[in-house]
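Step one of this worksheet: look at the structure below.
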Amino acid sequence: MRFVIAYEGLLNVSSLNLERAAEIRKMPVIYWENGRPNFIPEVPAISGVMLKHWHFRNLVELSRERENESLCFFCRQLQAIRIPPKSVQKYYEIQYCEKEIDLIKNCVGEDVHGFLWAEKEKTGGEGGEKGEKKKGRGEGRTLRRESCVWFSWAIGLPLISEEYRRIVVVQHTRNISNIPPDAPEEVRQLQMPYPRPYASDLFGFISVANLSRIGVSYTDNLQAIDSNVRKRRQKNTILAYARMIQGEVGANLARSLPASIPIKVFLAASKKGMIPAPVHPIYPNYLIESAKLIKGAADLFGDEYRVRIYAPYIDENVKKEITNILNDAAVFVDDPYRGFKDIISFLELEECTGKQQ
Ligand SMILES: [Zn+2]
């Protein structure tokens, strides 16, 4: 079972891609324009790490609403520390299980978003001749689970002329209304200007959720968790995307929630999970090209699939072409959430009881 999404939307005046200090992320990209590649040195870009983090937060919040859904110490606090070393566990007086199956049973965060547990044990390397350390022996254990969800970067799209694409740094000021003359210098220093960069752009990203991997341990002989819990997590994994499409996907939401509008939201799912990721919105005709790829892959692998597209400003000819490719499997929806609902229903995930067996 697989769910994929391609998003295109306007995110105006935001610093979503501010990951550290006062610097906004920019990346070089190669667009495909008029049949040839076109290199652009810098466009605003929101990292896949940031998008994945917001999906994680949404997933935890959705999971917290169900009393039976278990969450570990850090995930419950929306902190993506998967998994802390034993010294940190000891400090917080918590204990994580040792096996992948137990770790994913205990927390939807570790299950869906994966983890890396690298424990350095203090046995040390054995000294060889001349005192060198032998690598790979006595250096602790590593247990890794790959994330079930994958994210591209959100990239500024080429539809806007370069001259409009810029990052503006604004000097905000913190004022103190009354500073007595005998106040220590530190009080005066609290009143200060601080710079914040903002960008406006048409952004696009894609993501893949490998729903079949959820609740299955790959290092414990494919043991699976309770089937109802698994279903509920699969459903919440899809719902966590639905909370991202209005621009709640990055830093500084308190000060600069983006002036956002989704332009196109392409959703697809298949039962066997053989459909590919959609084409990223930085490429021309990505909706048509994604439709072709998904149809082709579903035919090749004999996979049952559905596509839902929210695209209120789409050209009628493009709409017709997509309908010709996908026939009944695709529906254009009037609001993106309807599309999510249809996909959840197609995957038979809507009736998830909270009960564990
Ligand atoms: Zn967790």
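Coordinate-derived values only; no laboratory data. Computed from a predicted model, the values in this text were never measured in an experiment. Cβ atoms come from the backbone with ideal geometry, glycine included; neighbour counts cover every protein chain shown.
Worth a mention:
- MRE, 222 nm, helices only [DSSP H, n ≥ 4, -39500 (n - 2.57), over the chain, to nearest 500]: -8500 deg cm²/dmol
- In a simple Cβ point-charge model (Lys, Arg +1; Asp, Glu -1; nothing else charged), the chain has a dipole of about 660 debye relative to its Cα centre.
- Among 246, 171, 234, residue whose mean-square fluctuation peaks in a GNM of the chain (springs only between Cα atoms under 10 Å): 171
- Projected label distance in nm at residue 190 and residue 313, using a 7 Å step from Cα toward the beta-carbon: 4.6
- Model label points for residue 150 and residue 220, set 7 angstrom from Cα along the Cα-to-Cβ axis, are 2.5 nm apart.
- When each of 271/319; 52/99; 52/235; 99/271 is checked by Cα-Cα distance, pairs over 22 Å: 271/319; 52/99; 99/271
- Prolate/oblate/rounded label for segment 221-357 (Cα gyration tensor, a/c 1.5): oblate
- Cα gyration tensor shape for segment 32-96, rounded if a/c is under 1.5, else prolate or oblate: prolate
- Percent RCO, i.e. relative contact order, over the chain, from Cα pairs under 8 Å lying at least 6 residues apart: 26
- Centre-to-centre, using Cα atoms only, segment 7-55 and segment 261-286 are separated by 18 Å.
- Residue-wise HN-Hα coupling along segment 101-117, computed from phi with Karplus coefficients 6.51, -1.76, 1.60 (Hz; x: Gly, Pro): 4, 6, 5, 6, 4, 7, 7, 5, x, 4, 5, 7, 9, x, 7, 9, 10
- Table column - 3J(HN,Hα) (Hz), segment 182-198, Karplus curve with 6.51, -1.76, 1.60, x for Gly and Pro: 8, 5, x, 4, 4, 5, 4, 5, 5, 8, 8, x, 9, x, 9, x, 10
- Fully extended contour minus Cα-Cα distance, from residue 324 to residue 102, at 0.36 nm per residue: 75.2 nm
- Scalar couplings 3J(HN,Hα) for segment 229-243, obtained by applying the Karplus form with A = 6.51, B = -1.76, C = 1.60 to θ = phi - 60°, are 5, 4, 4, 5, 5, 5, 5, 5, 5, 5, 4, 4, 5, 4, 7 Hz; x denotes Gly and Pro.
- Mean-square fluctuations from a GNM of the chain, with a 10 angstrom spring cutoff on Cα atoms, peak among 165, 76, 255 at 255.
- Length available on full extension from residue 176 to residue 13: 0.36 nm per residue minus the Cα-Cα distance, which gives 56.0 nm.
- Computed on segment 1-120, with alpha-carbon pairs under 8 angstrom and 6+ residues apart, the relative contact order is 18 percent.
- Restriction of the GluC sites (Glu not before Pro) in segment 33-82 to DSSP coil positions whose beta-carbon has at most 10 other beta-carbons within 10 angstrom yields 65, 67.
- Distant-in-sequence amide H partners of residue 273 (H built 1.01 Å from N, under 5 Å): 2
- Residue 38 versus residue 169: modelled label distance in nm, points set 7 Å from Cα along the beta carbon direction: 3.0
- q = 0.10, 0.15 Å⁻¹: log10 I(q)/I(0) that the Debye formula gives for the chain, counting C-alpha atoms only: -0.74, -1.28
- Alpha-carbon centroid distance for the pair segment 100-116 / segment 172-207, whole angstrom: 39
- Modelled FRET efficiency - R0 30 Å, residue 299 with residue 335, Cβ distances, 0.05 increments: 0.50
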